[in-house]
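Note sheet for the following structure.
Throughout, read-outs are computed from the coordinates displayed, never taken from laboratory work. From a predicted model like this one, the values you see are computed outputs, not experimental measurements. Positions of Cβ are generated from backbone atoms using ideal geometry, with glycine treated the same way; all protein chains shown enter the neighbour counts.
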Amino acid sequence: MKTTTKINLLTTAWLICILFVTNVFVFFSFMKITVDMEKEAAFRKAHEIIEANRAPNSISLPRDLLESYLTDHSFIRVVNPHAKVIIEVTNDRYLSKIKAKFVTKNESQLRKMREEQVLLVRIPISSPRHVIGTLEIGERLMGLEMRKDILLSILTVCSVIAVFLSLLGGKWLSNVIMHPISSMITSMKEIEQSGVLKPILIQNNMPDELQKMAMTFNRMIERLQENLEKQKRFVSDASHELKTPLTVIKSYADLLKRRGVQNEAMVQEAIETIYLEATRMQKMAEALLDLAASEKESILEVEPVNLISALSHILRQLQTVYARPIRLHYSQNPIMAEVDELKMKQVMIILLDNAIKYSQDPIDVFLEQREKYVIIRIKDYGIGIPKEDIKHVFERFYRVDKSRSRETGGTGLGLSIAQNIVRQHRGEIHIDSELGKGTEVKLLIPISPRCNENNRG
Ligand SMILES: Nc1ncnc2c1ncn2[C@@H]1O[C@H](COP(=O)(O)OP(=O)(O)OP(=O)(O)O)[C@@H](O)[C@H]1O
Ligand SMILES: [Mg+2]
């Protein structure tokens, strides 16, 4: 069943329930109020008759007095304590058949006679000492049945009109709600069939929730588009980067094939180059694997780590390998943070590797603890990065000076990997550099990834 039909039927069924309850309430309230009013009028009339009696201690009320109060289809009679009618005036012979009754206090009764309601009221006639008789008034409630029928017809007609209007309104309302959903479904189908990711048109007259839904969908499409773009760029960059060493290897292999191995110098050069390029390719393949791993969000193994001891360990290793002094400066010990130790070490190696590669002098590493962050700065006094290149160095395969990087063996992936890992820790990485003077890379690592998450709200 279509959602619109379902909404329509449900609202109408609900309306019918409400109408039924209100109609029953209106009907019975109307009947009760009408009968109560009639009763009140009859009692008033009875009291007036007794008060008009000039012989107060007697039950022989004058006939003309009773007749003056007689209305259509009614009777008025006086009953003695033995339930015998003493005087009766009437203009409806059927009503006279009602049995007389002696009462000592006010009494009223509604009874049905020949499809009509008859109202009976009885009030006692008293002497100073005791009750000496009863004044009985009986009236056919002629209009009541008719009014009841009219009321029922009005209620029925109004209910039918309300149900009809509700069906119409429900259809209109569900169309208003469903129209944007239907157009969203059409857009989604188009995307599915064409494979082209495009956003849904958000109209101002859409309900809020649907606007939010469409906005979420569009954001998702945007992210998918970005990822697709990234993937395409990555594949083309990677293949381009791998093509260069392969071309060099192939041309030297060609040369060897054509010229043979007689020319020793040439053979030596070819082997040397092939070896270097193959090593570069191997490095690149490893870096690509690292990059892919750093992009997986879920694999952080976070634990409290003393960054000073972790860093000292790496610095010692690098100093030994590269024979370059690296000075560690810190304000307090320990400086603790919840990080994935192996991954943070990888970041530090990438950054220190750059500092060593692109400078000659000793390198400084500073560690500071702030309220929610640990700040790590790696400062070298080397060649620096031109201003216009700084914003690009985090891009994959980006190298400021390609020929220089060839010498240093760089793939241009190091900073991308470092940035991914730092972002996974919900931290930040910034580069500040001046050409010819040196470079400072600043890391802001939250003490706890959770504390930073709260901080960002
Ligand atoms: N400390 C630095 N001083 C000068 N230039 C730098 C420094 N760090 C990075 N760069 C520049 O940024 C570029 C990108 O750095 P990145 O670490 O991503 O790649 P890479 O060092 O060339 O290769 P690898 O993948 O082996 O690290 C480098 O090629 C270099 O030109
Ligand atoms: Mg590097």
Taking the chain and dividing mean pair separation by its residue count, relative contact order in percent (alpha carbons under 8 Å, at least six apart): 9
If R0 is 56 Å, what FRET efficiency do you get for HIS392 and LYS112 from their C-beta distance, rounded to 0.05? 0.05
Output ³J(HN,Hα) for the range 314-326: one whole-Hz value per residue in order, computed from phi by the Karplus curve 6.51 cos²θ - 1.76 cosθ + 1.60 with θ = phi - 60°, and x for Gly and Pro. 5, 4, 4, 4, 5, 4, 5, 5, 9, 6, 10, x, 10
Between the residues VAL121, ILE132, VAL160, the Cα farthest towards the positive end of the dipole of the range 109-162, that dipole coming from +1 and -1 charges on the beta-carbon of Lys, Arg, Asp and Glu, is from ILE132
Return the subset of LYS379/LYS437; LYS283/LYS345; LYS343/LYS437 for which the Cα-Cα distance in this structure is over 21 Å, preserving the input order. LYS343/LYS437
FRET efficiency (LYS212, LYS171; Cβ distance; R0 30 Å; to 0.05) is 0.75
Rank by packing, highest mean first: peptides 130-138, 353-361, with packing defined as the count of other Cβ atoms within 10 Å averaged across residues. 130-138, 353-361
Can you give me the C-alpha center-to-center distance between the range 120-164 and the range 375-396, rounded to a whole angstrom? 99
Label-reachable residues, the range 40-83, where backbone N falls under 15 Å from a point 7 Å from THR104's Cα toward its Cβ: 81-83
Express as a percent, rounded to the nearest 5, the fraction of DSSP beta bridges in the chain (both residues included) that run antiparallel. 90
What's the Kirkwood radius of the chain in Å, using all Cα pairs? 32.9
Would you calculate the separation in nanometres between label points at MET336 and GLU301, each defined as 7 Å from the Cα along the Cα-to-beta-carbon direction? 2.0
Report the gain in length on full extension from VAL24 to SER251: 0.36 nm times residue separation, minus Cα-Cα distance, nm rounded to one decimal. 71.9 nm
